1. I'm checking my understanding of the structure. Among residues of segment 37-53 that are touching a strand residue (DSSP E or B) at 6+ places or on another chain (Cβ under 6 Å) and exposed (fewer than 15 other Cβ atoms within 10 Å of the Cβ), which one is farthest from Val5 (Cα to Cα)?
2. Return the residues of segment 1-31 that are under 17 Å from Asp72 (Cα atoms) and assigned to a helix (DSSP H, G or I); say none if nothing qualifies.
3. Filter segment 51-69 down to the residues that are within 20 Å of Glu21 (Cα to Cα) and either at pLDDT below 95 or in contact with a Leu (Cβ under 6 Å, 6 or more places away or on another chain) (or both) and list them by number.
4. Name the pairs: first residue in segment 55-68 and within 12 Å of Lys25 (Cα to Cα), second residue aromatic (Phe, Trp, Tyr) and surrounded by 15 or more Cβ atoms within 10 Å (Cβ to Cβ), Cβ to Cβ under 6 Å, at least 6 apart or on different chains?
5. I'd like to know if segment 32-47 contains one or more residues that are part of a loop (DSSP other than H, G, I, E, B) and free of Cβ contacts under 8 Å to residues at least 24 places away in the same chain.
6. Does segment 72-83 contain any residue that is assigned to a helix (DSSP H, G or I), touching a Pro at 6+ places or on another chain (Cβ under 6 Å), touching a residue at least 12 places away in the same chain (Cβ under 8 Å) and not basic (Lys, Arg)?
7. So if I check each of Arg64, Arg18, which one is surrounded by 15 or more Cβ atoms within 10 Å (Cβ to Cβ) and of a type in the set (Lys, Arg)?
8. Which residues, taken from segment 48-71, are more than 15 Å from Gln37 (Cα to Cα) and in a loop (DSSP other than H, G, I, E, B)?
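The values are calculated or read from the model by the stated rules, or taken from the named source; none is laboratory data. Computed from a predicted model, the values in this text were never measured in an experiment. As a convention, Cβ positions derive from the backbone with ideal geometry for all residues, glycine included, and neighbour counts pool all protein chains shown.
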Amino acid sequence: MQTHVIIKHPSSTEKAIRLMESENKLVFIVDFKAKKQEIKKAIEELFEVKVINVNTVVTKGVKRAYVKFSADTPAIDIATKMGIM
């Protein structure tokens, strides 16, 4: 899958903002068929960062990816580049 097909858009809910500040994580809405390794590769290519791990959850037909970044890459910097913050 291509990067722009895997990652649909970032989530900017209160919980997502809290995770960004406390755990260096960002939440993305992703393609339903995307696997964790594909999501990790897409995020690393798109933002040129190091991803520690990816957790996914499916609720109400929507797949969310919780992406944890390395300590040298603050999630808030990536969110600022995307225009969330």
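1. Ile52
2. Matches in segment 1-31: Leu19, Met20, Glu21, Ser22, Glu23.
3. Val67
4. What qualifies is Asn55/Tyr66; Ala65/Phe28.
5. Within segment 32-47 (the criterion being part of a loop (DSSP other than H, G, I, E, B) and free of Cβ contacts under 8 Å to residues at least 24 places away in the same chain), the answer is yes, since at least one residue qualifies.
6. The answer is yes; a qualifying residue exists.
7. Arg64 is the lone residue from the list that is surrounded by 15 or more Cβ atoms within 10 Å (Cβ to Cβ) and of a type in the set (Lys, Arg).
8. Glu48, Lys60, Gly61, Ser70, Ala71 - these are the residues of segment 48-71 that are more than 15 Å from Gln37 (Cα to Cα) and in a loop (DSSP other than H, G, I, E, B).
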